[in-house]
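Written below as structure tokens is the structure these notes are about.
The values are calculated or read from the model by the stated rules, or taken from the named source; none is laboratory data. Predicted model, so just to flag it, every value in this text is computed and none were measured. No Cβ is skipped: glycine too gets one built from the backbone with ideal geometry, and neighbour counts run over all protein chains shown. SASA here: full protein model, heavy atoms, side chains in, ligands and nucleic acids out. Shrake-Rupley method; radii C 1.70, N 1.55, O 1.52, S 1.80 Å.
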Amino acid sequence: MHILITGGAGFIGSNLTKRLVDEGHTVTVIDNLLRGNKIDSSTFEKIKFIKGDVRDFDTVLNASKGCDIVVHFAAILGVDIVADNPVDTMDTEVIGTRNVILASQINNIKKIMYASTSGIYGHSAIGNALTEEVLVDPRTSYAMAKRYNEIYLASHHEEKGIDAIAVRFFNVYGHNQDNRMVVPRFFEQATKGEALTVFGTGKQTRDFTYIDDTVEACVRLLNTKGFHIVNIANEHEWCIDDVAKEIVEITGSSSETSFIDAPKKRYDYEVERRVGSSDKLFELTGYRPNTSLSEGLKKIYKINYNK
Ligand code: UDP
């Protein structure tokens, strides 16, 4: 197949790009290289790369000509960056996705895969693991725009018939991730012998999903028909202070953990609890993420630090 990946040079995008190229697909990437190019050189040689912004309609229209599928992962993300740039964040989401959908209709694309977020659930994680049926609670520019796009895609499917899938990622971590996110940040601090900066009590939880599992789930979901919203979650809850301890242990670091107040701009984004169910993913694909956080952290330490 010929697949266009917007944001294909970013963390999740670059890992998916590599996998699709390795499987023999023809891949075109659009990326504005906001966070640099994370595609390895041997993969980069085999793709068509377009430096551009999804907010530019002609770029998206031209890049998607002749494609079968568009994977739309271009986004501004990372709590600190989003909090400082709420308008850019929403513009990239809303205008970018509108461009992807319109270009897909003109170019007869069979399917769109869209990167949504578990951030959409906000403070909804009270009882069991979050399923896609739980009432969502988007409160930030980022989550609100992601939710808007889920509904926008659903509407286009309903009215114009284009197949689409919105994947809700749960704290993906792994190779090529930069230290906007907690796991690479703790690794960096631990390997430099600096204190690990745990925000608040450290008792807030997240569900960490390993990148290879995330990519596996995405690849399988490319074959689904119709419109779906699907969690990609590891289904295990980890307290952030335990993540810090685990990384200190894996790296053999002498770093301490320091409990500090989160920067004020993070307040709207902070939730106490987040853990997802991948039941729907399993129903659709027969697959659920299965790399434990400890295993995944050891893999990253080996890959990123040659240990
Ligand atoms: N966190 C932390 N110290 C840091 C960065 C993040 O304790 O230096 C916590 C943050 O408060 C949140 C969790 O780690 O509870 C995950 O943060 P991240 O920004 O990676 O993703 P989020 O789930 O907030 O989107």
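Annotations
- Among 138, 289, 86, the largest mean-square fluctuation in a Gaussian network model of the chain, built with springs joining Cα atoms closer than 10 Å, belongs to 86.
- Angle of helix 182-192 to the longest C-alpha principal axis of the chain, folded into 0 to 90 degrees and rounded to 10: 50°.
- Most mobile of 120, 106, 47 in a GNM of the chain (Cα contacts under 10 Å): 106
- Accessible surface, per residue, of the chain when the full set of protein chains is kept, probe 1.4 Å, Å²: 43
- For region 32-49, Karplus couplings with θ = phi - 60° (6.51, -1.76, 1.60), whole Hz, Gly/Pro x: 8, 6, 4, 10, x, 9, 9, 7, 6, 5, 5, 6, 4, 4, 9, 10, 9, 10
- Secondary structure note: in the chain, about 5% of the DSSP beta bridges are antiparallel.
- ³J(HN,Hα) computed for each position of region 273-284 - Karplus, 6.51 cos²θ - 1.76 cosθ + 1.60, integer Hz, glycine/proline x: 8, 8, 8, x, 9, 9, 4, 5, 4, 5, 4, 7
- Amide H to amide H distances under 5 Å link residue 276 with 130, 234, 235, 236, where only residues 5 or more positions off or on other chains count and H is placed in the peptide plane.
- Amide H contacts of residue 111 (H built 1.01 Å from N, under 5 Å, at least 5 apart or other chain): 70
- Among 76, 303, 17 - extreme Cα towards positive end, dipole of the chain, charges at beta-carbon: 17
- Top positive-direction residue, dipole computed over region 145-288 with Cβ charges, set 183, 209, 162: 162
- Remark: accessible surface ordering of 295, 45 (largest first) is 45, 295, probe radius 1.4 Å.
- Over region 1-63, relative contact order from alpha-carbon pairs under 8 Å, at least 6 apart, %: 34
- Accessible area of the chain belonging to carbon and sulfur atoms, whole % at 1.4 Å probe: 51
- 0 to 90° range, to nearest 10: angle between helix 86-106 axis and the chain longest Cα axis: 30
- DSSP beta bridges in region 51-189 [antiparallel fraction, %, rounded to 5]: 0
- Helical content of the chain, expressed as a calculated mean residue ellipticity at 222 nm, amounts to -12500 deg cm²/dmol (DSSP H runs of 4 or more residues, -39,500 (n - 2.57) each, divided by residue number, nearest 500).
- Cα-centre dipole for the chain with unit charges at Cβ (Lys and Arg positive, Asp and Glu negative), debye to 20: 480
- Residues of type lysines that residue 110 reaches as a straight line, Cα spacing below 18 Å, ignoring anything fewer than 8 places off in the same chain: 65, 160, 225
- About its Cα centre, the dipole of region 1-154 is roughly 320 debye, where the only charges are +1 on Lys and Arg Cβ and -1 on Asp and Glu Cβ.
- For region 50-60, backbone phi angles converted through the Karplus equation (6.51, -1.76, 1.60; θ = phi - 60°) give residue-by-residue couplings of 10, 7, x, 10, 5, 6, 9, 4, 4, 4, 5 Hz, Gly and Pro being listed as x.
- Proximal lysines to residue 298, defined as alpha-carbon separation beneath 18 angstrom and excluding residues fewer than eight positions away on the same chain: 192, 245, 307
- Near residue 227, the amide H atoms lying under 5 Å from its own belong to 164; only residues 5 or more places off or on other chains count, and H is placed 1.01 Å from N.
- Axis angle, to the nearest 10 degrees, between helix 11-22 and the longest C-alpha principal axis of the chain: 60 degrees.
- Highest mobility in the GNM of the chain, judged by mean-square fluctuation with C-alpha springs under 10 Å and restricted to 36, 122, 52, is found for 36.
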